[in-house]
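Undergrad: Provided herewith is a single structure, encoded as structure tokens, for subsequent inquiry.
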Amino acid sequence: MIEKVNKTIEKYNLLENGERIVVAHSGGPDSTALLKVFVPISQKLNLTLIVAHFNHGLRGGESNADEKFSRDLAKKMGLFFCSGKMGKKNNNRGISPEDFYRRQRYNFLEKVAKDHRAQKIALGHNLNDQAETVLLNILRGSGLEGLKGFLPKREGKIIRPLIEISRPEIISFLKKSGLSYCQDNSNKSKMHLRNKIRAELIPYLRKKYNPKIEENLAQMAEILRAENDLIEQHVAKVMQSSTIKYNGNNISFEIDFVNLLPDAVRWRLFKNILENLNPTKNGVFFAHIELLDNLARKCESGKRISLPMGMEVRREYDKLILEKRRASLKKIKYEYVMDIPGSLYIRERGFKVNAKIVKKEKVNFGEKNKIYLDFDKIEKPLIIRNRRDGDWFQPLGMTGRQKIKSFFIDHKIPRHNRDKILMLVDGLSVIGIENMHLSDRVKITTETKKVLKLEITNS
């Protein structure tokens, strides 16, 4: 078996000469075989081994006995040993107890690796574990990411040297080596789906359909890992495209570009983005991806949907915008009376507005941030505010009136931006919209005598 593990190490480039390795040891057969195999390998590659045991404390005296066994075995092999215990109970909503225990264990192993400046963390997952994982994910309806199973090497640090070794091979190796190991009786409980798969489904499939079901499932996982890598490479290129904009917790896509992507790439793109916005990196299901897909391909502008994990996605014309859901805010209204001449500060926008009367020959329509109006046509007072229900104005060059709401829709102004926009309003109607149109009613003509100049600057 040692030779077979050596081939796995070479195949996946799991180890380098002179590295420090944390070997996770629970006391069970897999981790005990891993430790036994690593001793001659460490001599060959000049490795330094640190044995790490995590005591979950879930089985009382049995858990403590496992820790003692692990400590004694490490001492017998002349290896450094360290242990850790479970922290406070799971009070994280949305995380299963099993997931919580797993995270605690990995956090412990990461800390041991950091404290001892170890380059790798070796785990004892074997070929049968891989087959169980693949079947578990099939039953959950997973895509390629689930069906590829766990990786021989993850993040360049977590390694699984026994991934191509079967459980019977491990038990046989331990017997020949004269090594005892601990039995975890909780593995026999059928409360957990993985245990039921191990005890019932796999034996049934092996007997009725394929005597090599585990080997074939592990082989399928290896094939799908390569295909999954190909999709990930494509998605990584897409995520660097200029059509996808990142702004903190806000990510926007150009819908026409996204809809041209193959389904597999588009769905994986949505999945990766959702996971990137979610600190726990889980809880993303195909139903969520399907909602995004339908919004991009079928829904009208203005449609929005709420997703779990505090996320929201909305369609704004030719864009799909995904962001962390903001706390519900009271609608802000602002309104200021403009003295002429005079100046005022628009606190809600951080703008300063100056107003004065100038000669007609001083008008320069090419000047940035400056607005010129026929002063005599303004129905006093002049108000600076944001929109109100029923607002209307007469667009430049038109004889009729248009509602501001319709104007914003025609100009594809995102709904969440509409209340921010500054407007000039007199006693009759809106006469100017920030960075957009002026009203035809107050435009400068050959008959204009007094010109009102407004200069709007960032304070």
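The values are calculated or read from the model by the stated rules, or taken from the named source; none is laboratory data. Quick caveat, the model's predicted, so the values are computed rather than measured. Cβ atoms come from the backbone with ideal geometry, glycine included; neighbour counts cover every protein chain shown.
Undergrad: Can you find, within the range 190-214, the residue that is surrounded by the most Cβ atoms within 10 Å (Cβ to Cβ) among those that are touching a residue at least 24 places away in the same chain (Cβ under 8 Å) and not basic (Lys, Arg)? Show your work before the answer.
TA: Within the range 190-214, the subset touching a residue at least 24 places away in the same chain (Cβ under 8 Å) is 192-194, 197-198, 201-202, 213-214.
With the extra rule that they be not basic (Lys, Arg), the set shrinks to 192-193, 197, 201-202, 213-214.
Numbers: HIS192: 13, LEU193: 15, ILE197: 21, LEU201: 16, ILE202: 18, ILE213: 19, GLU214: 24.
Here the residue is GLU214.
Undergrad: In the range 361-376, what residues are in contact with a Ser or Thr (Cβ under 7 Å, 6 or more places away or on another chain) and within 18 Å of LYS449 (Cβ to Cβ)? If you could, list the steps in order and put the result at the bottom.
TA: Within the range 361-376, the subset in contact with a Ser or Thr (Cβ under 7 Å, 6 or more places away or on another chain) is 369, 374.
Result: ASP374, single match.
Undergrad: Which residues, counting only those in the range 431-446, are under 14 Å from GLY397 (Cα atoms) and in a loop (DSSP other than H, G, I, E, B)?
TA: First, pick out the residues of the range 431-446 that are under 14 Å from GLY397 (Cα atoms): 431-432, 436-445.
Once the filter is applied, which keeps residues that are under 14 Å from GLY397 (Cα atoms) and in a loop (DSSP other than H, G, I, E, B), the range 431-446 yields MET436, HIS437, LYS443, ILE444, THR445.
Results for (1) more than 15 Å from ILE121 (Cβ to Cβ); (2) of a type in the set (Gly, Ala, Ser); (3) in the same structural domain as ASP129 (by TED's automatic domain parsing); (4) in contact with an Asp or Glu (Cβ under 8 Å, 6 or more places away or on another chain), shown as yes or no for each residue.
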| position | (1), (2), (3), (4) |
| --- | --- |
| HIS25 | no, no, yes, no |
| SER31 | no, yes, yes, no |
| VAL39 | yes, no, yes, no |
| LYS44 | yes, no, yes, no |
| ILE50 | no, no, yes, no |
| ASN55 | yes, no, yes, yes |
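Undergrad: What are the pairs, 6+ residues apart or on separate chains, where a residue within the range 56-68 that is in contact (Cβ under 8 Å) with a residue 40 or more places away in the chain has its Cβ under 9 Å from a residue that is exposed (fewer than 15 other Cβ atoms within 10 Å of the Cβ) and among the hydroxyl-bearing types (Ser, Thr, Tyr)?
TA: LEU58/SER186; ARG59/SER186; GLU62/SER186
Undergrad: Let me ask something else about it. For the range 235-302, give me every one of the helices (runs of 4 or more DSSP H) that falls completely inside it and has 3 or more residues that are out of contact with any Asp or Glu (no Cβ under 7 Å at 6 or more places or on another chain) and under 16 Å from LYS324 (Cβ atoms).
TA: Values: elements: 255-259, 263-277, 286-297.
The helices (runs of 4 or more DSSP H) meeting that bar are 263-277.
Undergrad: Another question, then. With loosely packed, with under 14 Cβ neighbours inside 10 Å and closer than 26 Å to ILE2 by Cβ as the only criterion, which of ARG154, ARG140, ARG117 stands out?
TA: Numbers: ARG140 fails: closer than 26 Å to ILE2 by Cβ; ARG117 fails: closer than 26 Å to ILE2 by Cβ.
That would be ARG154, the only listed residue that is loosely packed, with under 14 Cβ neighbours inside 10 Å and closer than 26 Å to ILE2 by Cβ.
Undergrad: Something else: Among the residues of the range 363-422, count how many are part of a helix (DSSP H, G or I) and under 48 Å from the mean Cα position of the chain (by Cα).
TA: Of the residues in the range 363-422, the ones part of a helix (DSSP H, G or I) are 375-377, 404-410, 415-417.
Next cut, under 48 Å from the mean Cα position of the chain (by Cα) only: 404-410, 415-417.
So the answer is 10.
Undergrad: On the basis of being at pLDDT below 90 and of a type in the set (Asp, Glu), does ASP72 make the cut?
TA: Values: at pLDDT below 90: no; of a type in the set (Asp, Glu): yes.
Judged against the criteria, ASP72 is not a match.
Undergrad: Shifting gears a bit: Looking at the range 405-459, which of its residues are within 21 Å of TYR334 (Cβ to Cβ), among the β-branched types (Val, Ile, Thr) and loosely packed, with under 13 Cβ neighbours inside 10 Å?
TA: THR457
Undergrad: On to the next question. May I ask you to list pairs of residues, at least six apart or on different chains, whose Cβ atoms are under 8 Å apart, with the first in the range 361-375 being in contact (Cβ under 8 Å) with a residue 24 or more places away in the chain and the second being among the aromatic types (Phe, Trp, Tyr) and surrounded by 10 or more Cβ atoms within 10 Å (Cβ to Cβ)?
TA: So the pair list comes out as VAL363/TYR372.
Undergrad: Among the residues of the range 318-348, count how many are modelled with pLDDT under 85, exposed (fewer than 13 other Cβ atoms within 10 Å of the Cβ) and in contact with a Ser or Thr (Cβ under 7 Å, 6 or more places away or on another chain).
TA: Here the count works out to 0.
Undergrad: Among the strands (runs of 3 or more DSSP E) confined wholly to the range 1-96, which include 3 or more residues that are farther than 18 Å from LYS153 by Cβ and among the small types (Gly, Ala, Ser)? Talk me through it step by step, then tell me what you get.
TA: Working: elements: 20-24, 48-55, 80-85.
Hits in the range 1-96: none.
Undergrad: Quick test of your reading of the structure: LYS449 fulfils all but one of (1) without any contact (Cβ under 8 Å) to a residue 60 or more places away in the chain; (2) assigned to a loop (DSSP other than H, G, I, E, B); (3) under 24 Å from GLY342 (Cα atoms). Name the failing condition by number.
TA: For LYS449, the failing item is (1).
Undergrad: If you go through the range 1-26, how many residues are in contact with a helix residue (DSSP H, G or I) (Cβ under 6 Å, 6 or more places away or on another chain) and surrounded by fewer than 11 Cβ atoms within 10 Å (Cβ to Cβ)?
TA: 1
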